[in-house]
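The structure under discussion appears below in the form of structure tokens.
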Amino acid sequence: MTDVRVECVKGNIAAQPDIDAVVNAANAELLPGGGVAGAIHSAAGPGLAEECRALAPIRPGQAVISSAHNLPNRHVIHCLGPVYGVDEPADRLLADCYRNALLLADRSGLESVAFPAISTGVFGYPLDEAASVAMRAVAEALSSLGSVRLIRFVLFSDQDLVEFREALAHEPGLSGQ
Ligand code: AR6
């Protein structure tokens with residue numbers, strides 16, 4: 001049995017002070033944008049965009065790590081999700097985001113990671129499908145994790161929270177947590 005806890009909460013990804021690394025639903029240039037990227041960059045301050053210049057551009061499915069600047073975390077992990085209907089295969093690219101972010105956190109010795117619902121805003125990925133892909137990717141990554149002990153999904157609405165909780169309950173290997 002794994003000793004990694006997976007949980008879903010409603011909230012703001014930029015306000016998770018008990019978490020080592022928060023994940024940004026980034027754009028390829030790692031610039032401040034709307035949604036998650038807007039919330040993270042405005043809470044982190046301009047130093048984050050400055051540091052990110054050297055890490056960009058990234059491709060769909062990729063994850064890179066930076067400092068958290070004024071955020072109450074140690075690091076930000078920036079992932080570029082697929083644009084739904086454009087970047088294919090979308091499910092593999094979205095799963096890559098979750099897996100690569102978790103492996104990067106683990107290699108950095110971090111114990112906790114919080115994810116938003118990557119690609120489900122501006123990038124148009126249907127939330128129920130994205131939730132299943134996310135949970136499957138997490139389940140598949142668990143056996144590779146040594147330091148990560150808490151994986152939190154931070155959802156923005158009650159409906160999104162319900163969908164992610166359902167996907168968690170239905171994923172073999174994660175259900176019953
Ligand atoms: N905390 C948690 N979840 C949030 C927050 C927040 N503060 N704000 C929005 N969400 P999006 P994407 C939810 O659009 O689809 C950006 O402009 C939101 O309801 O942030 O990957 C970037 O610059 C949705 O369910 O990310 C990129 O260009 C989910 O987070 C592009 O948008 C993701 O929405 C990335 O698009």
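The values are calculated or read from the model by the stated rules, or taken from the named source; none is laboratory data. All values reported here derive from a predicted model rather than from experimental measurement. Ideal geometry is used to build each Cβ from the backbone, glycine not excepted, and the neighbour counts take in all protein chains shown.
General remarks:
- Looking across 126, 116, one residue alone is under 17 Å from residue 68 (Cα atoms) and either within 12 Å of the ligand (Cβ to nearest atom) or of a type in the set (Phe, Trp, Tyr) (or both). It is 116.
- Residue 101 vs. criteria small (Gly, Ala, Ser), within 16 Å of the ligand (Cβ to nearest atom) and closer than 27 Å to residue 51 by Cα: yes
- Filtering 105, 63 for residues that are touching a Cys at 6+ places or on another chain (Cβ under 7 Å) and crowded, with 20+ Cβ neighbours inside 10 Å leaves a single hit, 63.
- When every residue of region 139-147 is checked against the conditions, none turns out to be touching a helix residue (DSSP H, G or I) at 6+ places or on another chain (Cβ under 7 Å) and either within 16 Å of residue 10 (Cβ to Cβ) or β-branched (Val, Ile, Thr) (or both).
- Residue that is nearest to residue 148 (Cα to Cα), among those in region 1-60 that are within 8 Å of the ligand (Cβ to nearest atom) and touching a residue at least 60 places away in the same chain (Cβ under 8 Å): 13
- Residue 175 vs. criteria modelled with pLDDT under 95 and polar (S, T, N, Q): yes
- For region 18-42, the set of residues classified as part of a loop (DSSP other than H, G, I, E, B) and touching a Leu at 6+ places or on another chain (Cβ under 9 Å) consists of 18, 19, 20, 26, 27, 28, 30, 32, listed by residue number.
- Identity of the residue in region 76-91, of a type outside the set (D, E, K, R) and in contact with a helix residue (DSSP H, G or I) (Cβ under 8 Å, 6 or more places away or on another chain), that ends up nearest to the ligand (Cβ to nearest atom): 81
- Output for region 1-50, where each listed residue is in contact with an Asp or Glu (Cβ under 7 Å, 6 or more places away or on another chain) and within 25 Å of residue 84 (Cα to Cα): 10
- Options 15, 26; residue that is closer than 23 Å to residue 121 by Cα and surrounded by 16 or more Cβ atoms within 10 Å (Cβ to Cβ): 26
- Candidates in region 1-57 are the residues that are under 15 Å from the mean Cα position of the chain (by Cα) and of a type in the set (Val, Ile, Thr); of these, the one that is nearest to residue 134 (Cα to Cα) is 6.
- In region 116-137, the residues that are farther than 19 Å from residue 172 by Cβ and β-branched (Val, Ile, Thr) reach residues that are in a helix (DSSP H, G or I) and within 11 Å of the ligand (Cβ to nearest atom) with C-beta atoms within less than 7 angstrom, at least six apart or across chains, in these pairs: 118/94; 118/97; 120/127; 120/130; 122/35.
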